[in-house]
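*Asks:* The structure under discussion is supplied below as structure tokens; questions concerning it will follow.
The values are calculated or read from the model by the stated rules, or taken from the named source; none is laboratory data. Keep in mind that this is a model prediction, so the values were computed, not measured. Backbone-built Cβ (ideal geometry, glycine too); neighbour counts: all protein chains shown. Surface areas here come from the heavy atoms of the whole protein model, side chains and all, with no ligands, DNA or RNA. Shrake-Rupley method; radii C 1.70, N 1.55, O 1.52, S 1.80 Å.
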Amino acid sequence: MTTPPTPPATAQTSVPSQPERRRWWHSILAPAGPIPLPRPPAPPVPSTVTFRHDVPQPILIPAKGDAFDFRLHAVYTWTAQNMVYEELRLRAERYVAWAGGIVRERAVDLSRQYDPHRSRELERALNDRLAGQRWPREGTQPYFWVQVRVSPDERVRERLRPYWEERIKLECDHELQKIRAQQADDLTRRWCAVLQSLEDDPVTAHAARLTGEQFAEVFRRYVQERRETVPDLVELLREAVRGHGDLGMGPSEYTEAWDAAIRTYERRHGLSERAN
């Protein structure tokens, strides 16, 4: 009995375990050194930057006659290209004295043409002269524009105070008188309407006593004066009639006389305004 042949031995391959596979992939993918962090982007520099500088110290410039000075308050607007705001501000503060010298040079010849109390007029003229100009003119950065406010000398201000106090008082008194006149006119018109509406009422003379003695007395005089004008009108009409018959007045003259009588009657009785 033969023995079956023994099968050849097969080669066995070793399979790595799960932890070993992790270490193998980590060794392939891991970088050689620490990963550098990205740098933050630099802040963009604006193309144009502006700084407004209101200088607290005034510039003194002489007024007409050189006895008093105007106080010139300058407001500079500094501008630069491709410069950060903080750098522009520092440069502008260093150039204040230089800028003030330029403004004073432009203002002195003009300020001597104005009286010490004409600060407002000088301010307008000086701003018109400085409008549209900038320094330095060669294009060096930064450059500035300027606007000014002008105030008078303190001694001039004290001299002007009594004038303005009196002017304010006169203007206030004038306005007060206008208000009083307007109220008096309104009150007069109202009383006139009341008296005219009550004149033809037969009971108004008695009813007026109920409103007060002052009104009753005024109303009595008003009615009496209105009645006293009637005899004058009658006499005027009689003269017109006699003139036409006795004096040989023509038709046109007679018509004019009657027209004059009618106008007089309307005027004295307040009818002309109603007709219009």
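*Asks:* If you take the alpha carbon radius of gyration of the range 48-152 and divide it by 2.2 N^0.38 Å, what ratio comes out, to two decimals? Walk me through the numbers on the way to the answer.
*Replies:* Values: Rg = 14.5 Å, N = 105, 2.2 N^0.38 = 12.9 Å.
Normalised Rg, Cα atoms only: 1.12.
*Asks:* Sort out for me the Cα centre separation of the range 162-180 from the range 72-145, rounded to whole Å.
*Replies:* 40 Å
*Asks:* Would you tally the net charge around Trp98, using a Cβ to Cβ cut-off of less than 12 Å, leaving Trp98 out, and scoring K and R as +1, D and E as -1?
*Replies:* +1
*Asks:* Quick query: amide H of Trp135 versus all other amide H atoms, modeled in the peptide plane; which residues come in under 5 Å with a sequence gap of 5 or more or a different chain?
*Replies:* Phe144
*Asks:* Same structure again: Of Leu88, Leu160, Leu60, which has the most accessible area and how do the rest follow, probe 1.4 Å?
*Replies:* Leu60, Leu160, Leu88
*Asks:* Using a Förster distance of 30 angstrom, determine the FRET efficiency expected from the C-beta separation of Ala193 and Arg263, and round it to 0.05.
*Replies:* 0.85
*Asks:* How large is ³J(HN,Hα) for each residue in the range 103-120, as worked out from phi by the Karplus curve 6.51 cos²θ - 1.76 cosθ + 1.60 (θ = phi - 60°), to whole Hz, x for Gly and Pro?
*Replies:* Running phi through 6.51 cos²θ - 1.76 cosθ + 1.60 with θ = phi - 60° gives 5, 5, 4, 6, 9, 4, 5, 7, 5, 6, 8, 10, 5, x, 9, 9, 5, 5 Hz.
*Asks:* Sticking with this one: Please give the net charge around Leu122, taking every other residue with its beta carbon less than 13 angstrom from that of Leu122, where Lys and Arg add +1 and Asp and Glu add -1. Please list the in-between numbers first.
*Replies:* Working: positive: Lys64, Arg71, Arg106, Arg112, Arg118, Arg120, Arg124, Arg129, Arg149; negative: Asp69, Asp109, Asp115, Glu121, Glu123, Asp128, Asp153.
In short, +2.
*Asks:* Hey, another quick one. For the range 47-55, take each phi angle, set θ = phi - 60°, evaluate the Karplus expression 6.51 cos²θ - 1.76 cosθ + 1.60, and give the result in whole Hz per residue in order, putting x for glycine and proline.
*Replies:* With the stated coefficients, the range 47-55 comes to 5, 9, 10, 10, 9, 9, 10, 9, 6 Hz.
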